[in-house]
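Reviewing the structure listed below.
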Amino acid sequence: MNLLWLQSGGCGGCTLSLLGAEAPNLFETLAGAGIRILWHPSLSEASGGEVLDLLARVETGDLPLDLLCIEGALLRGPNGTGAFHRFAGTRTPMIDWVRRLANRAHYCLAIGTCAAFGGITAGGSNPTDACGLQFEGTYPGGLLGTDFRSGAGLPVINVAGCPTHPDWVTETLMAITLEGLTTQDLDAYARPRMYADQLVHHGCPRNAFYEYKASARAPSDLGCLMEHLGCLGTQAHDDCNTRLWNGSGSCTRGGYACINCTSPEFEEPGHAFQETPSLAGIPIGLPTDMPKAWFVALSSLAKAATPERLRKNAVSDHIAVPPTIRPTKFR
């Protein structure tokens, strides 16, 4: 299958993350799935007229386009012209190239939250009028419109993340090439369910602290980051703590609160990222599917039953109280 990758408004972080694919590496993975990179701005040698000739062949249909991957938000400004971002070597706005090529693609993928929903590029007053391919924040539409369907009959596949985990990209591509994807494989925001049906909370090494509501007070503390330090791991749809980054890491394992970067409008939560807003002492952002009354009742019981070991370790930057050693043999 032929893959074409274009970069629009963004930092290029998803490409950088993708290069971290391992066991096997990116190029072996794509080759094994029968995917040929027609062109990628960072990975391909072709430039200038060679690239323009290639795009012309794709646009006319002379060169089949199976997979169109767009990285970065689509910049529609000023005044809908797209002139803030013209494809280098042409006078044509990138949004026009994307529209034309998307109509030729059998599958169209938004790589990263910027391409999916607008992301950080669309934050603040959004002077460039940035949006996602088929979403503008939480609202359907974006650059291509709600009715867009690729040649396979699917909406844009939103491989969201800031940046994306390399496996989310490669496994989505492999699923397409080996089995094909259907709308049932995508969630309500058109994210692949193979990672979006899970929560960052799953597999978090701080879960023992979470269950007893033994909370960290400072970024260096070992306790749960949800109650005071803004962690949204109980609401964030991805598998960062079970599918580790570079084989060993995640935000919460590194001591950073999850900021829910796979979701639309994560860039403007309405408060500082490392603060947890509360009402009458109850965090506003409760875990997914958790009724407020249950959370209050369980929190009260959990805090009353918190072991001294967890209570002290939660506000320490090292293990202050080790687990008690007890024989486990049944007698």
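Overview of results
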| quantity | calculated |
| --- | --- |
| Thr113 being open to solvent by 20 Å² or more (accessible area, probe 1.4 Å) and within 24 Å of Asn260 (Cβ to Cβ) | no |
| Residues located in the stretch 1-58, provided they are part of a loop (DSSP other than H, G, I, E, B), within 12 Å of Thr170 (Cα to Cα) and among the charged types (D, E, K, R) | Glu22 |
| Residue satisfying all of: in the stretch 267-296; modelled with pLDDT of 80 or more and in contact with a helix residue (DSSP H, G or I) (Cβ under 7 Å, 6 or more places away or on another chain); surrounded by the fewest Cβ atoms within 10 Å (Cβ to Cβ) among these | Gln274 |
| Criterion: among the hydrophobic types (A, V, I, L, M, F, W, C), more than 25 Å from Arg36 (Cβ to Cβ) and either assigned to a loop (DSSP other than H, G, I, E, B) or open to solvent by 20 Å² or more (accessible area, probe 1.4 Å) (or both) - qualifying residue of Ala175, Ala83, Ala88 | Ala83 |
| Residue list for the stretch 178-189, filter: in a loop (DSSP other than H, G, I, E, B), free of Cβ contacts under 8 Å to residues at least 60 places away in the same chain and either surrounded by 11 or more Cβ atoms within 10 Å (Cβ to Cβ) or polar (S, T, N, Q) (or both) | Gly180, Thr182, Asp187 |
| The stretch 272-292 residues that are touching a residue at least 24 places away in the same chain (Cβ under 8 Å), paired with ones that are of a type in the set (D, E, K, R) (beta carbon under 8 Å, 6 or more apart) | Thr276/Glu227; Pro283/Glu227; Leu286/Lys292 |
| Members of the stretch 224-237 found to be touching a strand residue (DSSP E or B) at 6+ places or on another chain (Cβ under 8 Å), within 16 Å of Ser263 (Cβ to Cβ) and of a type outside the set (A, V, I, L, M, F, W, C), listed by number | Gly233, Thr234, Gln235, His237 |
| Failed item, numbered, when Cys261 is tested on (1) over 20 Å from Cys162 (Cα atoms); (2) buried (at least 22 other Cβ atoms within 10 Å of the Cβ) | (1) |
| Set Asp129, Asp147: member being in contact with a Leu (Cβ under 9 Å, 6 or more places away or on another chain) and charged (D, E, K, R) | Asp129 |
| Residue selected from the stretch 9-33 under the condition hydroxyl-bearing (Ser, Thr, Tyr) and in contact with a Phe, Trp or Tyr (Cβ under 9 Å, 6 or more places away or on another chain), by the criterion farthest from Leu244 (Cα to Cα) | Thr15 |
| Given (1) over 19 Å from Gln235 (Cα atoms); (2) among the hydrophobic types (A, V, I, L, M, F, W, C); (3) in a loop (DSSP other than H, G, I, E, B), number of the condition Ala115 does not satisfy | (3) |
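Conditions tested, residue by residue: (1) closer than 20 Å to Glu22 by Cα; (2) modelled with pLDDT of 95 or more.
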{"site": "Ile157", "(1), (2)": "no, yes"}
{"site": "Leu178", "(1), (2)": "yes, no"}
{"site": "His202", "(1), (2)": "no, no"}
{"site": "Ala214", "(1), (2)": "no, no"}
{"site": "His237", "(1), (2)": "no, yes"}
{"site": "Leu244", "(1), (2)": "yes, no"}
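To keep it simple, each residue is scored yes or no on (1) basic (Lys, Arg); (2) surrounded by 21 or more Cβ atoms within 10 Å (Cβ to Cβ); (3) under 20 Å from Tyr107 (Cα atoms).
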| site | (1), (2), (3) |
| --- | --- |
| Ser8 | no, yes, yes |
| Pro24 | no, no, no |
| Arg36 | yes, no, yes |
| Trp39 | no, no, yes |
| Leu63 | no, no, yes |
| Leu67 | no, yes, yes |
| Gly72 | no, yes, yes |
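The values are calculated or read from the model by the stated rules, or taken from the named source; none is laboratory data. Just so it is clear, the model here is predicted, and its values are computed rather than measured. Cβ coordinates were reconstructed from backbone atoms using ideal geometry, including for glycine residues, and neighbour counts include every protein chain displayed. The protein model used for the area step is the full one, side chains on, heavy atoms only, and it has no ligands, DNA or RNA in it. Shrake-Rupley method; radii C 1.70, N 1.55, O 1.52, S 1.80 Å.
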